[in-house]
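Engineer: Handing you a structure now.
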Amino acid sequence: MKHIAIIPGDGIGVDVTREAVKVLERVEKVYDIKLKMTHFDWNADKYLSTGITLPEGAMDMFRNEYDAIFVGAFGDPRVPDMKHAADILLGLRFGLDLYINLRPVKPLHESLIPLKGRTAKDINFTVFRENTEGMYVNIGGNFKKGTPDEIAIQEDMNTRKGVERIIVAAFEYAKANGRKRLTMTDKSNVLRYGHDLWQRVFFEVAKGYPDIESNTQFVDAVTMWMVLNPDQYDVIVTNNMFGDIITDLGAALQGGLGMAGSGNIHPGKVSLFEPVHGSAPKYAGKNIANPLGAILTVAMMLEYVEYKEAANGIEQAVIKALSEGEKTQDLGGKLSTTEMGDTICKYLA
Ligand code: NAD
Ligand code: IPM
Ligand code: MN
């Protein structure tokens, strides 16, 4: 039995989580696995009505009692500073020390690929995004705020330990999965302190993996190569901010934000899984959002908690649905969010 926390969050997070949970309930029966799912209503509504974001004790509760956490999405126009998301989502990433943000880029059907002349065999790589530091640490401040002389400082924190552990994780993943090449992307031509550290650590760690081809590319060029030559990538490792940006582009390569899943992982510890997309407020509650990113995310979660057969079953059901042309509107189909979830359950049977 695995204990899973379910946090739907805001906007379409609620719509897609409902379908992801439906799929989990289905795989419990089909694969004879046992999940105990506990739901948490932490979101913008709760924050606005009670002031509560991540309740006291939540971090320890997850550490001690849970195997994994599933999150829909956070973001609400009524909370422009994203205070609740900072406390809950970033709070859990930092507090549980989930240093690997694993984001696969793999289109599951040829029809989803937006690039002319490319096929699914050309686009199959995994991004290792550093997830506990960089520009996300919220260190900085304002001076003379609101005046014409205002100064705003936002620090970019890169620690030797943080950089090394994500690079090692990416090499280990490449080795374990038979991937030939690891590309590190940075902006070390300009960021001569922070990203020079990434360069030095990358080539030092690479010496321990002589069978894996290692190279580095500047991130501006990577956004071009991901479009023109995505076939060159097996694994990409990068910092928190660049990883955030290039994985939305990665999502586009697999059909759009509605198709991309991710894991926030600390190997051996309770980890958090969420689709790459946000709360897409304009689609919230309309039953039109694509739940496949969320459904593929729960597959990643099941693989993490060692229910590998069930994880693979979900991916196969998604592939089957896409090959039958059963898709939501964002992919050019006609299905609603709930119909898409039902379709995956049907193919899981
Ligand atoms: P978004 O990912 O919510 O949506 C961008 C666009 O992508 C949407 O307008 C829609 O066209 C498309 N899209 C995304 N998910 C889709 C789905 N499942 N089905 C169909 N189409 C989909 O990004 P945004 O508009 O930049 O941000 C909206 C809010 O979400 C903001 O508050 C932002 O901070 C937040 N956000 C949260 C997360 C998260 O919780 N992990 C991630 C990204 C953005
Ligand atoms: C993501 C999101 C988050 C991030 C936001 C909502 C804090 O964009 O998970 O990709 O920037 O990491
Ligand atoms: Mn993002």
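Engineer: Within the range 36-54, count every residue that is more than 14 Å from A5 (Cα to Cα) and not polar (S, T, N, Q).
Structural biologist: Final tally of qualifying residues: 7.
Engineer: With the structure loaded, tell me whether G325 is open to solvent by less than 50 Å² (accessible area, probe 1.4 Å), at pLDDT 95 or above, away from ligand 3 (no atom under 16 Å from the Cβ) and on the phi > 0 side of the Ramachandran plot or whether it fails that test.
Structural biologist: Criteria met by G325.
Engineer: Go through the range 57-80 and report how many residues are in a loop (DSSP other than H, G, I, E, B) and either in contact with a Gly (Cβ under 6 Å, 6 or more places away or on another chain) or at pLDDT below 95 (or both).
Structural biologist: The number of residues fulfilling the criteria is 2.
Engineer: While we're looking at this one, here's another question. Within the range 236-264, count every residue that is of a type in the set (A, V, I, L, M, F, W, C) and surrounded by fewer than 22 Cβ atoms within 10 Å (Cβ to Cβ).
Structural biologist: Residues meeting the conditions: 6.
Engineer: For residues that are outside any strand (DSSP E or B), farther than 9 Å from T132 by Cβ, in contact (Cβ under 8 Å) with a residue 40 or more places away in the chain and of a type outside the set (A, V, I, L, M), tally how many sit in the range 96-110.
Structural biologist: Step one: filter the range 96-110 for residues outside any strand (DSSP E or B), giving 96-99, 106-110.
Those left that are additionally farther than 9 Å from T132 by Cβ: 96, 106-110.
Filter once more, so that each one left must be in contact (Cβ under 8 Å) with a residue 40 or more places away in the chain: 96, 106-109.
Narrowing further to those that are of a type outside the set (A, V, I, L, M): 106-107, 109.
Looking only at that region, the number is 3.
Engineer: How many residues, within the range 152-182, are within 21 Å of the chain's Cα centre (by Cα), loosely packed, with under 15 Cβ neighbours inside 10 Å and either among the aromatic types (F, W, Y) or outside any helix (DSSP H, G or I) (or both)?
Structural biologist: The number of residues fulfilling the criteria is 1.
Engineer: Within the range 1-52, track down each residue that is open to solvent by less than 20 Å² (accessible area, probe 1.4 Å), small (G, A, S) and within 25 Å of E339 (Cα to Cα).
Structural biologist: A5, G9, G13, A20 - these are the residues of the range 1-52 that are open to solvent by less than 20 Å² (accessible area, probe 1.4 Å), small (G, A, S) and within 25 Å of E339 (Cα to Cα).
Engineer: Restricting attention to the range 25-45, which residues are touching a strand residue (DSSP E or B) at 6+ places or on another chain (Cβ under 6 Å) and either of a type in the set (K, R) or in a helix (DSSP H, G or I) (or both)?
Structural biologist: Answer for the range 25-45, where residues must be touching a strand residue (DSSP E or B) at 6+ places or on another chain (Cβ under 6 Å) and either of a type in the set (K, R) or in a helix (DSSP H, G or I) (or both): E28, K36.
Engineer: For residues that are within 11 Å of ligand 1 (Cβ to nearest atom) and surrounded by fewer than 24 Cβ atoms within 10 Å (Cβ to Cβ), tally how many sit in the range 288-303.
Structural biologist: 1
Engineer: Considering only residues that are within 16 Å of ligand 3 (Cβ to nearest atom) and touching a Phe, Trp or Tyr at 6+ places or on another chain (Cβ under 7 Å), which ones fall in the range 93-107?
Structural biologist: I100, L102, V105
The values are calculated or read from the model by the stated rules, or taken from the named source; none is laboratory data. In this text, all values refer to a predicted model and were calculated from it rather than measured experimentally. All Cβ positions, glycine included, derive from the backbone under ideal geometry; neighbour counts span all protein chains shown. All accessible areas refer to the heavy atoms of the entire protein, side chains included, with ligands and DNA or RNA removed. Shrake-Rupley method; radii C 1.70, N 1.55, O 1.52, S 1.80 Å.
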